[in-house]
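Chemist: Once you've had a glance at the structure underneath, I'll fire off some questions.
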Amino acid sequence: MADKSTSSEKLAAAAEATAVAAPLRKIYPIVKYGDPVLEKPASTIKNFDAELETLSEDMFASMYAAQGVGLAAPQIGKSIRLAVVDVTGGKNPEAKIVLINPEVTHGEGEVREEEGCLSIPGFRGYVMRPQFVTVRAQNLKGETFEIRGENLLARAFCHEIDHLNGILFLQHLSMLKRDLIKRKIKKMRKEGEW
Ligand SMILES: [Zn+2]
């Protein structure tokens, strides 16, 4: 009995230590296509406070939970110019990128690759994106920085910045393909599957 209580105390202590090291993150539900928040330009962020830092960490957690490589604030119903990107899917903590008020300042080359979106689950389409992009953004302290991305990272930057401008990848597809997807979603919505 004494042993048992000792081990449960140890467990409790370990749980407490874990809680201190990694606070529980809020996992936001992802807003789906059809919600107007996804199709309006988001507002510029002016306050670089602790709340913004918490939100960005919660967005990483929400993105990993949904197995995405990028997430923009409108996708969790917040119309502000904040996006998170991690093309390693959480494998490398150094790959976490927070973009606040980002803009693409330079693009080069063209790559046509299949793309999807957490807000349009189950649908993919080929989208032409630059092979290299330079993005200017602010970090959580409000400092301006520039970051260059290639291939998947360049695609993720463009996709997320599009979100902040109210643009979805559907808008880059042919009209035929876009209408086909929209019709399928409409049907799914009617059947309560969306
Ligand atoms: Zn998306």
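Chemist: Would you point out the residue of segment 111-124, among those that are more than 18 Å from the chain's Cα centre (by Cα) and of a type in the set (D, E, K, R), that is surrounded by the most Cβ atoms within 10 Å (Cβ to Cβ)?
Modeler: 113
Chemist: I would also like to ask the following. Tell me, yes or no, whether segment 84-91 has at least one residue that is surrounded by fewer than 21 Cβ atoms within 10 Å (Cβ to Cβ), within 15 Å of the ligand (Cβ to nearest atom) and either of a type in the set (Ser, Thr, Tyr) or modelled with pLDDT of 95 or more (or both).
Modeler: yes
Chemist: Scan 98, 111 and give me the residue that is in contact (Cβ under 8 Å) with a residue 12 or more places away in the chain and touching a Leu at 6+ places or on another chain (Cβ under 9 Å).
Modeler: Within the list 98, 111, the selection yields 98.
Chemist: While we're here: Can we say residue 147 is among the β-branched types (Val, Ile, Thr), within 16 Å of the ligand (Cβ to nearest atom) and either surrounded by 15 or more Cβ atoms within 10 Å (Cβ to Cβ) or part of a helix (DSSP H, G or I) (or both)? Walk me through it before giving the result.
Modeler: Values: among the β-branched types (Val, Ile, Thr): yes; within 16 Å of the ligand (Cβ to nearest atom): no; either surrounded by 15 or more Cβ atoms within 10 Å (Cβ to Cβ) or part of a helix (DSSP H, G or I) (or both): yes.
In short, no.
Chemist: Is at least one residue of segment 159-170 without any contact (Cβ under 8 Å) to a residue 40 or more places away in the chain and touching a Cys at 6+ places or on another chain (Cβ under 9 Å)?
Modeler: no
Chemist: Please work out which one of (1) part of a loop (DSSP other than H, G, I, E, B); (2) farther than 30 Å from residue 186 by Cβ; (3) modelled with pLDDT of 95 or more is the condition residue 98 fails and give its number.
Modeler: (1)
Chemist: Among the candidates 85, 98, 104, single out the residue that is out of contact with any Ser or Thr (no Cβ under 9 Å at 6 or more places or on another chain) and within 22 Å of residue 45 (Cα to Cα). Write out each step before concluding.
Modeler: Values: 98 fails: out of contact with any Ser or Thr (no Cβ under 9 Å at 6 or more places or on another chain); 104 fails: out of contact with any Ser or Thr (no Cβ under 9 Å at 6 or more places or on another chain).
From the options 85, 98, 104, the qualifying one is 85.
Chemist: Okay, moving on. Considering each residue of segment 22-73, count those that are among the basic types (Lys, Arg) and free of Cβ contacts under 8 Å to residues at least 60 places away in the same chain, and give that number.
Modeler: Selection size over segment 22-73: 3.
Chemist: Out of all the residues in segment 104-120, is one or more more than 16 Å from the ligand (Cβ to nearest atom) and either in contact with a Gly (Cβ under 7 Å, 6 or more places away or on another chain) or not in a strand (DSSP E or B) (or both)?
Modeler: yes
Chemist: If you don't mind, there's one more thing I want to ask. How many of the residues making up segment 131-184 are more than 19 Å from the chain's Cα centre (by Cα), among the polar types (S, T, N, Q) and farther than 13 Å from residue 106 by Cα?
Modeler: Residues in segment 131-184 being more than 19 Å from the chain's Cα centre (by Cα), among the polar types (S, T, N, Q) and farther than 13 Å from residue 106 by Cα: 2 in total.
Chemist: Any idea which of 168, 173, 164 is within 16 Å of the ligand (Cβ to nearest atom), within 18 Å of residue 119 (Cα to Cα) and in contact with a Ser or Thr (Cβ under 8 Å, 6 or more places away or on another chain)?
Modeler: Matching residue, one of 168, 173, 164: 168.
Chemist: Do you know which residues across segment 29-70 are more than 13 Å from the ligand (Cβ to nearest atom), under 24 Å from residue 181 (Cβ atoms) and out of contact with any Leu (no Cβ under 9 Å at 6 or more places or on another chain)?
Modeler: Answer for segment 29-70, where residues must be more than 13 Å from the ligand (Cβ to nearest atom), under 24 Å from residue 181 (Cβ atoms) and out of contact with any Leu (no Cβ under 9 Å at 6 or more places or on another chain): 29, 34, 36, 40.
Chemist: What is the one condition in (1) under 25 Å from residue 61 (Cβ atoms); (2) more than 16 Å from the ligand (Cβ to nearest atom); (3) assigned to a helix (DSSP H, G or I) that residue 141 does not satisfy?
Modeler: Here residue 141 meets the rest and fails (3).
Chemist: Given (1) closer than 21 Å to residue 61 by Cα; (2) crowded, with 19+ Cβ neighbours inside 10 Å, where does residue 127 come up short, assuming only one miss?
Modeler: Here residue 127 meets the rest and fails (1).
The values are calculated or read from the model by the stated rules, or taken from the named source; none is laboratory data. Nothing here was measured: the structure is a model prediction, and the numbers come from that model. Please note: Cβ atoms are built from the backbone with ideal geometry, for glycine as well, and neighbour counts cover all protein chains shown.
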